[in-house]
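Reviewing the structure listed below.
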Amino acid sequence: MKRNIRVIGIVFLFVLSFFLLQHLVEPKYMTNLVEGSFTREYYQETEGHEVIFIGDCEVYANISPMVLYEEEGITSYVRGNSQQLLWQSYGILKETLKYETPKVVVFNVGAMRYGEPVSEAYNRLFFDGMKWSREKLETLSHSMTEKENLFYYLFPILRYHSRITELTKEDFTYFFKSKKITHNGFLINQEVKPVGTFPTERKLGKDDFDEICYKYLDQMRILCEEHGITFVLMKAPSLYPYWPDVYEQRIQEYADKYHLDYYNFKEKTEKIGIDYSQDTYDGGLHLNLSGATKLSTYFSHILKEKYQLKDGRKDDKIKEIYDKKLKLYREEIENR
Amino acid sequence: MARSKIVEWIFLFISLFVYLRFGLFGFCFLSFSVLISYFASLWMNRKNKKWLFIGTIFLFVSSFLFLKISFSSVSSFFPSVVAPLGISYFTLQILSYLADVYSGKIKPEKNLIRYALYLFYFPCLFLGPIHRYSQFQKAFDERHFSWSSFLHGWMRILLGLFKKLIVAGRMSIWISAWTLHAEGGAYALFSMIGYSLLLYCDFSGGIDLVLGFSNMLGLTLQENFDRPFFQTSVSDFWNHWHISLSRWLRDYIYIPLGGNRVGKIRQKINVILTFLVSGIWHGTHYLLWGLFHGILVSFPSLSKTPWTWVNRLLTFLLVSISWAFFLYPDSLSALQMIGSLFTTFQYPSFFRQILTYGLDSIQIGICFVATVGLFWYESKRTWIHQKLKKSSLEFQIVVIGSLSLIVLLFGVYGIGFHVEEFIYSRF
Amino acid sequence: MKKKWFYGLFILFFLVSVCACGKTESSSVPEDKSKTEAFTFVYEGKEIPLNGVFSREEYGEEMEYAETPSCAFDGLDKTYRYEHYEITTYPEGEEERILSIYFLDDQVETKEGLRLGDEKDKMMELYGEDGTSHDSFYTYTKGDTQLEILLQDDVVISIEYVYPTE
């Protein structure tokens, strides 16, 4: 009997050290590749949002929920990830709706370009912080590239073991704790790099998006319908990768067909006041803080006007929370 | 009895399934081979046995050669199917079985299931070891599952993974960088020595997996390596490296040629001939390699000094140099690289750039410590095994747990690196 | 005694048959061959290999230069526009390696002789039916490299050499 307890104790100790070591080698995404912490950060605040933004870097770099609140009292969260593909957008929307039911879901259509998994590295940024659920498994099965398999996600040590010799201070500092990276999903970037030249636009072999993209767009639309949520489409004012006219046409047709609102901010840059020599941090791919503030201000008025959203500033409870958030937001802007 | 039969069926069923997964063509071809050799062995009792023996040997050797050549050449006869996996292993076992039946060493097996299992036993699919029929059946009949054999098997698997993933994985990164440079004796020398270690860790590590897995099932199969780098002569090396192939060559090539029963000159020629066959077995490209070893084994005084440690080192170096024929794409470049050992040197430049060959100082450190640890283990193997056998279950679990964590963390595997690619299975 | 005779015969047969077929076997290992094979672009007699190291000294000053960062990850893809083609590179350590070569006009042709504006038949003749096609987008693979050809009304409208990194 005593011996059995000893054996069980030893086995337990090894299982424990396995998980501790596994956690040690997992990237912490706190100072380097912070984009990997976006999915996880949402779990700290899974309710109280009237608008949810879904999409790739064109949302998390361009839409600032703090500005939406400041301007119109809108409570919102950006569930964006680098290279978030359509099936991932659907997965993350489905997951979000488990926690809360917003009034409006805004989807950025940029990722409609991609009909197949692009890169293992981006998959990791998306999934590493995601809680295990049916949604995660479903999304994983659509997202994995050829060289990946489920074991790499179930046991991240199989993927990250080589980091054991590359551990940095970050891995120990953030072993048990983590810090806040985004402001309701928005990543502040204050650098300025004016627009330069881009590679020549490639000719398209097709005049429509891949079927699989439509499939997931449909599913998102239907999911919102089922939950009584208004599904809105947007296209951020990025100059590159190119957004060809034929893509624009298709989205417009889709929006018309299902009576959805579609905002292409690329066509409204003058009205918004975006100055591409000042308002982008990487030469026209993403907006910087100044650009994002302009775009968010502009969009906040539209959202408020069209979708009858509550003014959170008049609600003491919300005001108290958002005042704290705003304080942190401003502090970070000043400290940089 | 009944239980034993069920186990045979289960083993065979799993094995057939594994083979089937590697292609229908190979599966059908190998199944057909099993049937032909099975019936041929049964009929060998009769008067016509001489011609039957020659006929079947001819059939198997020629079909083996035909398949190996046609599948490895660019203009394949069967572009849409792959060469049957494990065909080398399969053919050698069939040949040894038929020769043993013919010479009366064993009686032909009447039970087709048992015979099929001998050839199809799937853990040996990639690397062997090459069994004799009597050996395999003995191991199979004496199999005995126990928790201690299960744990022992597990440890053996971990040892294999340690060799394969921690040492060989890193070595292969280094060696591909060195062979790319291919300028100067220093690069050639370290490539050859490194390749020696790589081949050993990769191949014997693979065999550890096979034997460990069999141990877990309760089977104790024949060892294929026995500390080959501790030997003091090339001929001893061959008694401890890929033992099952060496013995096969001894019993079915060397001894029939006359073995030790003939004159001294004939004996030396026989040794050289045997090694030539071994070279050809690995591919015609390795003929010179076979000749090299044939000469070293038949003239042991060429590499003998009065000092044991010097002999050990010399044997290791000679064997390593001979791997040049495996390392470089053709015999000519292998000879050139061997020549460069004595003509160009470039040692200062080699060591100056040591950190630019794909492994940083930490990786080199891990590789070094692991290799030293491995050789320490090999030198104390018997003592360690005895200690482990006597030790408590708790201690064994601690050993298994620690080794598992070490392999998991320090192994070179995963995305961008495929564990299942054993170097030796190409030959 | 007789036994020995048969063994001798067997070994002789073994040796002779292997040596006779030796040539085909030694020219073997198809996977190595495919690795050394690659689509290569040649401009004015100079080879521009995919995944080769790029330098301005080697390939000349470009007319226009663009850089495109990726989301999240460090390192820029850089594009160098020359008169008739455009080279895109990706970073690998300190070096830049050639990721793609895109044809800008019909003044350049592939090594096999295909230009923008050529007919589909010519493409089929030069590259065969082996390419994978998606609508009118054809991808031919050789070793680690790809040649991507786009057709419109059976006329070649886009040619790009690509080294797929992921």
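Quick one: is C:LYS111 touching a residue at least 60 places away in the same chain (Cβ under 8 Å), assigned to a loop (DSSP other than H, G, I, E, B) and surrounded by 12 or more Cβ atoms within 10 Å (Cβ to Cβ)?
Working: touching a residue at least 60 places away in the same chain (Cβ under 8 Å): yes; assigned to a loop (DSSP other than H, G, I, E, B): yes; surrounded by 12 or more Cβ atoms within 10 Å (Cβ to Cβ): yes.
When the stated conditions are applied, C:LYS111 passes them.
Looking at segment B:241-306, what helices (runs of 4 or more DSSP H) fall wholly within it and have at least 1 residues that are out of contact with any Asp or Glu (no Cβ under 9 Å at 6 or more places or on another chain) and modelled with pLDDT under 85? Outline the logic, then answer.
On the way: elements: B:243-249, B:264-282, B:287-298.
Here the list reads B:264-282, B:287-298.
Which of the residues belonging to segment C:133-166 are in contact (Cβ under 8 Å) with a residue 24 or more places away in the chain, acidic (Asp, Glu) and within 27 Å of A:GLU120 (Cβ to Cβ)?
Across segment C:133-166, the qualifying residues are C:ASP144, C:GLU160.
Out of (1) within 9 Å of another protein chain (Cβ to nearest Cβ); (2) in contact with a helix residue (DSSP H, G or I) (Cβ under 8 Å, 6 or more places away or on another chain), what's the single condition that is false for A:SER133?
Failing condition for A:SER133: (1).
Among residues belonging to segment A:193-238 that are assigned to a loop (DSSP other than H, G, I, E, B) and either away from every other protein chain (no Cβ under 14 Å) or among the acidic types (Asp, Glu) (or both), point out the one that is surrounded by the most Cβ atoms within 10 Å (Cβ to Cβ).
A:PRO237
Enumerate the pairs (first residue in segment B:328-355 and away from every other protein chain (no Cβ under 14 Å) and within 14 Å of B:GLY184 (Cβ to Cβ); second residue anywhere and surrounded by 13 or more Cβ atoms within 10 Å (Cβ to Cβ) and β-branched (Val, Ile, Thr)) with beta-carbon separation below 7 Å, excluding pairs fewer than 6 apart on the same chain, so at least 6 apart or on different chains.
Cβ pairs passing all conditions: B:ILE338/B:ILE321.
Check whether at least one residue in segment A:248-267 is within 14 Å of another protein chain (Cβ to nearest Cβ) and closer than 20 Å to A:ASN108 by Cα, and report yes or no.
No, the conditions are met nowhere in segment A:248-267.
Does A:HIS183 count as buried (at least 17 other Cβ atoms within 10 Å of the Cβ), touching a residue at least 60 places away in the same chain (Cβ under 8 Å) and either in contact with a Ser or Thr (Cβ under 6 Å, 6 or more places away or on another chain) or not aliphatic (A, V, I, L, M) (or both)?
Yes.
For the structure I just gave you, tell me whether A:SER141 is assigned to a helix (DSSP H, G or I), surrounded by fewer than 18 Cβ atoms within 10 Å (Cβ to Cβ) and among the hydroxyl-bearing types (Ser, Thr, Tyr). Break it down into steps so the answer makes sense when it comes.
On the way: assigned to a helix (DSSP H, G or I): yes; surrounded by fewer than 18 Cβ atoms within 10 Å (Cβ to Cβ): yes; among the hydroxyl-bearing types (Ser, Thr, Tyr): yes.
Judged against the criteria, A:SER141 is a match.
Here is a check on your reading of the model: is A:ASP311 closer than 20 Å to A:ILE52 by Cβ, acidic (Asp, Glu) and touching a residue at least 24 places away in the same chain (Cβ under 8 Å)?
Yes: the conditions hold for A:ASP311.
In segment B:212-265, which residues are aliphatic (A, V, I, L, M), outside the structural domain of B:LEU161 (by TED's automatic domain parsing) and closer than 27 Å to B:LEU161 by Cβ?
Selection gives B:ILE243, B:LEU245.
Which of the residues belonging to segment C:118-147 are at pLDDT 85 or above and among the aromatic types (Phe, Trp, Tyr)?
Listed by number, the residues that qualify are C:TYR127, C:TYR138, C:TYR140.
Go through (1) within 14 Å of chain C (Cβ to nearest Cβ); (2) closer than 16 Å to B:ARG250 by Cα; (3) among the hydrophobic types (A, V, I, L, M, F, W, C) for B:TRP289 and report which single condition fails.
(2)
Which of the residues spanning segment B:115-157 are among the basic types (Lys, Arg), touching a helix residue (DSSP H, G or I) at 6+ places or on another chain (Cβ under 9 Å) and either buried (at least 20 other Cβ atoms within 10 Å of the Cβ) or modelled with pLDDT of 85 or more (or both)?
B:ARG132, B:ARG156 - these are the residues of segment B:115-157 that are among the basic types (Lys, Arg), touching a helix residue (DSSP H, G or I) at 6+ places or on another chain (Cβ under 9 Å) and either buried (at least 20 other Cβ atoms within 10 Å of the Cβ) or modelled with pLDDT of 85 or more (or both).
Quick one: which of A:GLY283, A:GLY273 is touching an Asp or Glu at 6+ places or on another chain (Cβ under 8 Å), farther than 11 Å from A:PRO237 by Cα and at pLDDT below 95?
A:GLY283
Looking at (1) of a type in the set (Gly, Ala, Ser); (2) more than 12 Å from chain B (Cβ to nearest Cβ); (3) surrounded by fewer than 17 Cβ atoms within 10 Å (Cβ to Cβ), which is the only condition A:SER119 fails?
The number of the failed condition is (2).
Quick one: count up the residues across segment C:124-166 that are farther than 23 Å from C:ARG97 by Cα and either of a type in the set (Ser, Thr, Tyr) or within 14 Å of chain A (Cβ to nearest Cβ) (or both). Quick ask: steps written out before the conclusion?
Initially, segment C:124-166 is screened for residues farther than 23 Å from C:ARG97 by Cα, giving C:124-138, C:150-157.
Imposing the further condition that a residue be either of a type in the set (Ser, Thr, Tyr) or within 14 Å of chain A (Cβ to nearest Cβ) (or both) reduces the set to C:127, C:131-138, C:150-157.
Count: 17.
Looking at segment A:1-50, which of its residues are outside any helix (DSSP H, G or I) and in contact with a Leu (Cβ under 6 Å, 6 or more places away or on another chain)?
A:GLU50
Here is a yes/no grid of residues against (1) over 17 Å from A:VAL105 (Cα atoms); (2) surrounded by 18 or more Cβ atoms within 10 Å (Cβ to Cβ); (3) touching a residue at least 24 places away in the same chain (Cβ under 8 Å); (4) more than 14 Å from chain B (Cβ to nearest Cβ):
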residue: A:ARG6; (1), (2), (3), (4): yes, no, no, no
residue: A:PHE19; (1), (2), (3), (4): yes, no, no, no
residue: A:GLY36; (1), (2), (3), (4): yes, yes, yes, yes
residue: A:GLU41; (1), (2), (3), (4): yes, yes, yes, yes
residue: A:THR46; (1), (2), (3), (4): no, no, yes, yes
residue: A:PHE53; (1), (2), (3), (4): no, yes, yes, yes
residue: A:ASN62; (1), (2), (3), (4): no, yes, yes, yes
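So which residues in segment B:158-184 are in a helix (DSSP H, G or I) and among the aliphatic types (A, V, I, L, M), if there are any at all?
Going through segment B:158-184, the residues in a helix (DSSP H, G or I) turn out to be B:158-181.
Passing the criteria: B:LEU158, B:LEU159, B:LEU161, B:LEU165, B:ILE166, B:VAL167, B:ALA168, B:MET171, B:ILE173, B:ILE175, B:ALA177, B:LEU180.
Anything in segment B:243-280 that is among the small types (Gly, Ala, Ser) and within 11 Å of chain C (Cβ to nearest Cβ)? List them, or say none.
Selection gives B:GLY258, B:GLY259, B:GLY279.
Restricting to segment B:308-327, name every residue that is free of Cβ contacts under 8 Å to residues at least 12 places away in the same chain and either of a type in the set (Val, Ile, Thr) or not in a helix (DSSP H, G or I) (or both).
Listed by number, the list holds a single entry, B:VAL310.
Within segment B:90-105, track down each residue that is touching a residue at least 24 places away in the same chain (Cβ under 8 Å) and either surrounded by fewer than 17 Cβ atoms within 10 Å (Cβ to Cβ) or aromatic (Phe, Trp, Tyr) (or both).
Pass one, segment B:90-105, residues touching a residue at least 24 places away in the same chain (Cβ under 8 Å): B:90-102, B:105.
The answer is B:PHE90, B:TYR97, B:TYR102, B:LYS105.
Counting only residues that are without any contact (Cβ under 8 Å) to a residue 60 or more places away in the chain and touching a helix residue (DSSP H, G or I) at 6+ places or on another chain (Cβ under 6 Å), how many does segment A:190-244 have?
Counting residues in segment A:190-244 that are without any contact (Cβ under 8 Å) to a residue 60 or more places away in the chain and touching a helix residue (DSSP H, G or I) at 6+ places or on another chain (Cβ under 6 Å) gives 2.
Counting just the residues of segment C:60-99 that are charged (D, E, K, R) and exposed (fewer than 14 other Cβ atoms within 10 Å of the Cβ), which one comes out nearest to A:THR31 (Cα to Cα)? Step through it out loud before you land on a result.
To start, the set of residues in segment C:60-99 that are charged (D, E, K, R) comprises C:61-62, C:64, C:67, C:74, C:77-78, C:81, C:83, C:86, C:92, C:94-97.
Filter again for exposed (fewer than 14 other Cβ atoms within 10 Å of the Cβ), leaving C:61, C:74, C:83, C:92, C:94-95.
Details: C:GLU61: 37, C:ASP74: 13, C:GLU83: 42, C:GLU92: 22, C:GLU94: 23, C:GLU95: 25 Å.
Among those that are charged (D, E, K, R) and exposed (fewer than 14 other Cβ atoms within 10 Å of the Cβ), it is C:ASP74.
Looking at segment A:144-170 only, could you name the residues that are part of a helix (DSSP H, G or I) and within 21 Å of A:SER82 (Cβ to Cβ)? Outline the logic, then answer.
Narrowing segment A:144-170 to residues part of a helix (DSSP H, G or I): A:150-154, A:157-165, A:169-170.
Result: A:TYR152, A:TYR153, A:ARG159, A:TYR160, A:ARG163, A:GLU170.
The values are calculated or read from the model by the stated rules, or taken from the named source; none is laboratory data. Note that the coordinates shown come from a computational prediction; the quantities given were computed from them, not determined experimentally. Backbone-built Cβ (ideal geometry, glycine too); neighbour counts: all protein chains shown.
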